[in-house]
Structures are given as structure tokens and as C-alpha cells.
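Have a look at the structure below, then the notes.
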Amino acid sequence: MGADKTNNIMTLSSGVSQPLLADVQYFELYSSSALNRKLKNIVLPGFYCGFEPVPGTGLSVRITSENSEGKGAASVDVNNVQISVQQIEDVTVSVKAGATNIIVLEANFEHGVKTTQVDSASSVSAARIYARTDNTIGQNQIELCRVIVPSGATAVTKEMILLKYRVNRAVGVEFSNEISSTEERKAATPLAVKTLHDLVDTKAPLDSPHLSGTPTSPTPEPGTNNTQIANAAFVYAAINALINGAPGTMDTLKEIAAAINNDPKFSETINNALALKAPLASPAFTGTPTAPTASQGTNSTQIANTAFVKAAITALINGAPGTLDTLKEIAAAINNDPNFSTTINNALALKAPLASPALTGVPTAPTAAQGTNNTQIATTAYVRAAISALVGSSPEALDTLNELAAALGNDPNFATTMTNALAGKQPLDATLTALAGLATGANKLPYFTGKDTVAQTDLTSVGRDILAKTSTQAVIQYLGLRELGTSGEKIPLLSTANTWSARQTFNGGITGALTGNADTATKLKTAININGVRFDGSADININTLVSRGRVTALGANAQGTSGIQLYEAYNNGYPSPYGNVLHLKGATAAGEGELFIGWSGTSGDHAPVHIRSRRDTDSANWSEWAQVYTSKDSVPGVNAKGNQDTSGNAATATKLQTARTINGVSFDGSKNIELTAEDLNLEQTVELAAGSLQKNQNGADIPNKDKFTQTIGACRSFHGAI
């Protein structure tokens, strides 16, 4: 029965390559029952090495085991099965800004279910690392770290990564002399205990310590007011703050006492002296108080003394005549009228205003002289005289507006009416005047002899007939001409472009020069050679555009060459060999181009290497590196002299190893699968050794063969990871 279960152990799919490997997969009944039965609750869930989170690129975290020789190890409980997970490669996890991202390690196992580790087509991951933002962790997951990313952040920093909730584990218990370690599986040695005891003896007690030497303490912040110890620096700073800004003669209590005359009742003395002074608010002076005389024109709260008042009165009446320099004299001047202003206003109300006066009665004014043209009032006499002067020379029938209106036909738009009427008339014109000067007569035809000069001639009946024709065809027919003919007076008819529609034959030849042009020529009289190809213009030809350009420096970066086939000379100008010929090829439109370099040998008759390179069809593309073309004269690395060896084999298609290898003593050449028994794997002995060693440790004894145990467990994990 056990052998049957062992035979069901399956190896990993050969096509699987993943950063995480889990040790229990598919039908591994033996290992899942035996190994888990003895290591369950002994190898606890957590991280044993590696799986370190570090900031990645942008909003990502990189999980790496580079500080653990590239292999991380962790344990995850999946239901009743303990799964060991090994990290082979780095894993990059994306996180979200403005959220708390919990990055977890998840393991999956169910008997008979294939994961991606066994079958790449499976949708179930044997192990994976990803970020959760729902603040929960599944039963088959353990927390790797938390990443708190603020809103608006564009990159993860080290400070955002928290390991507070991560559980780190170790195999067995390790004794250590450290006194500051926080690792759960390290135990303190007697030396560590003594070191800690000696350290405690050098410390002062919290209750009433008696310090010796020169004890120090942190300097509190200025203004601190609590039970924190005040050191010398704090006290000195407080004193400096107290006297800050005081003059040098008053920065001690002695100097201040001297300044107040050593009077212990200085306040009482000052108050008694102030009681003899007038208050600022509503003072009641006695005796004959005096005050400075304010300058004239002052207008403020300054006290005005008698001198200021006297000067102000003098300035008030300054310049007034002697008869009006008192209020009494001014009252007499206004007739002792207490309502003088009202009296004056009532009198003014009876007067006409200067602006728009409304006169009543029969107002009169002086009559202005005739011809006056200003703002002077016009009397009736002035108006009558002006009207008489207006009609003075008019005939009696037009000396009133009524008569003038009748003369204009009572048309209020007379000017417009006349303008419209004139618009329909022929304007005065020199040409029309010249035509008007001709004498009329029968059968006369006027014609121009110059600018605005005309003459006339007789118009015959033939002329009248030709003018009466409505088309060129009619004129030709009237003249007795015909279209294209073969005899007689018939001539070919020209088109509007002055061309014949058919070929013409001139038996007697043509006298005079004939002028041809490229717009109408369809063929050359005599064909010519263009690069050795005959061309007469009747059809297109193709020409070999191979051109020798001499010594052209090799093109670099994304530089483009000339279109066509170019032949260059290599002469120490940047080609693979110092000397040779270069054949450059480029089309008419595409940017892609290529070059073939054929070197010259330095020895007569010897073979020289051939190289090629090319550049893709975009303007920004760079030239490729030169590649040598191997011939039968070249020595190709890894190929025999004839070049006929079989080089078709490769690791992707190999079906068998040349030399068979052994796996735990079982021969393996790759041609077929092998099966490893529990005896081959030595699993029972390994598990028994592990269980026995841990049991002794639980009984209080030293752990025997600890190194051997660690190596064995590591070998088991490596083997499971390989399978």
C-alpha cells in the first residue's frame, strides 16, 4: 500500500519556471501525510529566511531573498497540511496610493488538484505573493509586510514599509551572548545574563539616585515647565532670556536696586509723588496755570492760552476797514436785519435769471446793427430789416417762401428728385462727342482712328453679308471655302487650338522654319544612348544607377546614404578593414538601406574577409554592427574545416544525455522518467532524526547533531523544491 502511494509522487512540469516553489503538490500523499504529520506544529507558519520587502520602481514593492543566498524559505498552513514555500526569484508587487496595502504570501494545496507548478495550463497557483487592501488575511495566507502609501504619492519609500505584523521564525533554539536581541528563538547564555547583571549594577536607581562624577542629561527646550531635569545649559539659557535686552548697567539685581535709590518702598514713594500731579483726564488746575503758546493756524487739541486767542482775533479782523472791524459795525451795514439772507433771496426772486429767463410783459432790448452775428438779442426791428434785405433783389413773384415752394413743385426732396433725374442722363463724354460729329449717310461704317477720334468708310454689301454671319463656319462657307478635302479649293479646317485633326501631306514641301516643342513631341527623330540603353522617348527605360563615389567615410549612428547603388572605396575611413570596396544600396522612397564590404588582402592572391550591415526603414534607426560573412576560406569558430558537421542539436530538442547521471544513486539519462522510493530519499530516517532531536530538546537536554539536523532539513527542502 505504501509503495502504491509512493509511486503517485509526481515531478514538476518541465515547462514550469516560477519564482516560488511549494513542496506539497498534486498526489504527494506520502509526503503530505508522513512529513506533515511529524513537522506539523513544529515547523510553525512564518518566514524562516529571505522574503525581504524593499522599495521597487514607482508604486511597487520588490520581494527579494538576495541576502539569503538567493533562496527564501517560509511555512504556510493550508487546512491540515503544512506547506513549505521557497523563493527562487524576485517578485514585484504593485500597491495603491491612498491605501494600506497588506502584502501576503499565499499557498494552495488540495489532493488531486494540479496547480501551475505541476501544469502550466492550470488556473490555481501553488504559491503567490500579492497585495490586499481589504484589511483581511485568508486562512492559507501569512502577512509579509504592510505598505501605507499616502494619497498623491508616486513612489514607495522605505519608511512606508511596516514589518510590525510579520512573523519571522527560526528552526530550533539558538543560544546567544547578545543582550539586545529581539529574536524569539534565541536563548541567553550565562555570559549574557552576567553581562546584563553587571550592566544593571552600574545604573542609578529611579528612587532618590545619588549621582557621582559629572552627570549629564538632555537639555530641555526653552520654556519647559515640568519635572524634567534642568541641566546647567538650560539654567544658563533661562537667565540669559531673563536679562535679554537689558543694558549692561542694569543686568544685575544690585544695579536695579541702585537705580531705584535702594528704596524698598519705591512704589509707595512714586505713588505719593504722582498724587501731587494733575490727571490727564479732566484736570482741575488751581492758581494761574500757564501753557506754551501755540503757533498761529494750529488746529488741534493743544491748549490755547490768552496770547494765542488774542492773536487769532487780530488775524480775524486783519485788513477790514475801520468802519467794519467790529460785529456792531457789520450789523449796522446789513440794516440790523437778522434775516438778511432771506431778504436778499426774496429780492433776487423778482429778477430774471441769466440762464433761460422766462420774461413777461413786453420786454425790450437795443436793436442790433444789420449783419450782427453773435448772441445779442434780436428785436422785431432787427428781424424785419433782415427779411427785407433777404428778398430785396428777388422778383416779386419769388419774394416769399410760398412762391419759392411753388416754383420747386412743392417737392420737399427737390434735390434728390433732380439727382435721380440726372442719373438717367448720358454724361458728357469725348468719345460720344466725336461720334456725334460724324455726318450720317447710307452704307457708312464708323471706325476709330485714334483716342476719341473717329472716321467713317463705305460699307459694301459683301461686308454687310460677312458681318451678318453668326459663326466662323458660315463665314467660310460664304467665302466659298470647304473643310478637309482631296482636290480643288478645299483646305483642312483648323481647330480652335490651331491644329489639324488629321495628318497633312505637302507634296511640294514647306518653305520656312518649323518650330517643335517638348509639349507636343512624342518621339525623338534619332534615338540616343543613356548609360548604354537606347532611348527615343516613345517608352520608359530602366538605367543601372551604380555610381562610384570614391573614398566616402563610413556612415555612423542613424546617418543616411544616397539613394541608388553606390560604390565607395575603403581607405582608412572607418570600415571593418583598412582597405576594400563598399557596395551601398538604398531605394528611392524607403529609408532602409544596406552595405556590403569586400576587403583587400595585404598579400597578393590571399583571401580577404567580407562584412555586411543594414539599417531599418525609419529615419531615427541606427546602423547595425558589421557582421562577417564566412566562406570556405574562413575559419568558423566551432565548425570543422569542411563546414559539414551536424550542429542541429540544442537543449530545447535533446532527447537523451550523452553521459547518464545519478539522482540519489538512481541512474538518469533523460530518455525516460525515473521513480525514487522512500528508501532512495532516506525520508524515514530524516524525519525520525528530526523528530527525535526536537523531542530531546523539549525534555530540557542540549540539541544533539543540530548542524546535521539543519543540513538534513535543508536537503529535504532543496529536494522537494527541485521536484
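The values are calculated or read from the model by the stated rules, or taken from the named source; none is laboratory data. These figures come from a predicted structure and were not determined experimentally. In this analysis, Cβ positions are derived from the backbone assuming ideal geometry, glycine residues included, and neighbour counts consider all displayed protein chains.
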The one condition A241 fails out of (1) under 60 Å from the mean Cα position of the chain (by Cα); (2) of a type in the set (A, V, I, L, M, F, W, C); (3) exposed (fewer than 10 other Cβ atoms within 10 Å of the Cβ) is (3)
Odd one out for T470 among (1) at pLDDT 75 or above; (2) in a loop (DSSP other than H, G, I, E, B); (3) surrounded by 10 or more Cβ atoms within 10 Å (Cβ to Cβ): (3)
From the list L493, L432, which residue is of a type outside the set (F, W, Y), modelled with pLDDT under 85 and touching a helix residue (DSSP H, G or I) at 6+ places or on another chain (Cβ under 8 Å)? L493
Residue pairs meeting the criteria (Cβ under 6 Å; at least 6 apart or on separate chains; first on the phi < 0 side of the Ramachandran plot, in segment 369-385; second at pLDDT 90 or above): T379/T367; A381/T367; Y382/T367
Is it the case, given these coordinates, that Q117 is touching a residue at least 12 places away in the same chain (Cβ under 8 Å), more than 21 Å from E52 (Cα to Cα) and not in a loop (DSSP other than H, G, I, E, B)? no
Cross-chain or 6+ apart pairs with Cβ under 8 Å, segment 448-468 first and touching a residue at least 12 places away in the same chain (Cβ under 8 Å) and polar (S, T, N, Q), then assigned to a strand (DSSP E or B) and surrounded by 11 or more Cβ atoms within 10 Å (Cβ to Cβ): Q456/K444; Q456/L445; Q456/P446; T457/K444; T457/L445
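Where residues in segment 96-114 are of a type in the set (G, A, S) and part of a loop (DSSP other than H, G, I, E, B), which of them is surrounded by the fewest Cβ atoms within 10 Å (Cβ to Cβ)?
Among those residues, the one meeting the criterion is G112.
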K164 is checked against (1) under 22 Å from A22 (Cβ atoms); (2) part of a loop (DSSP other than H, G, I, E, B) and fails just one. What number does that condition carry? (1)
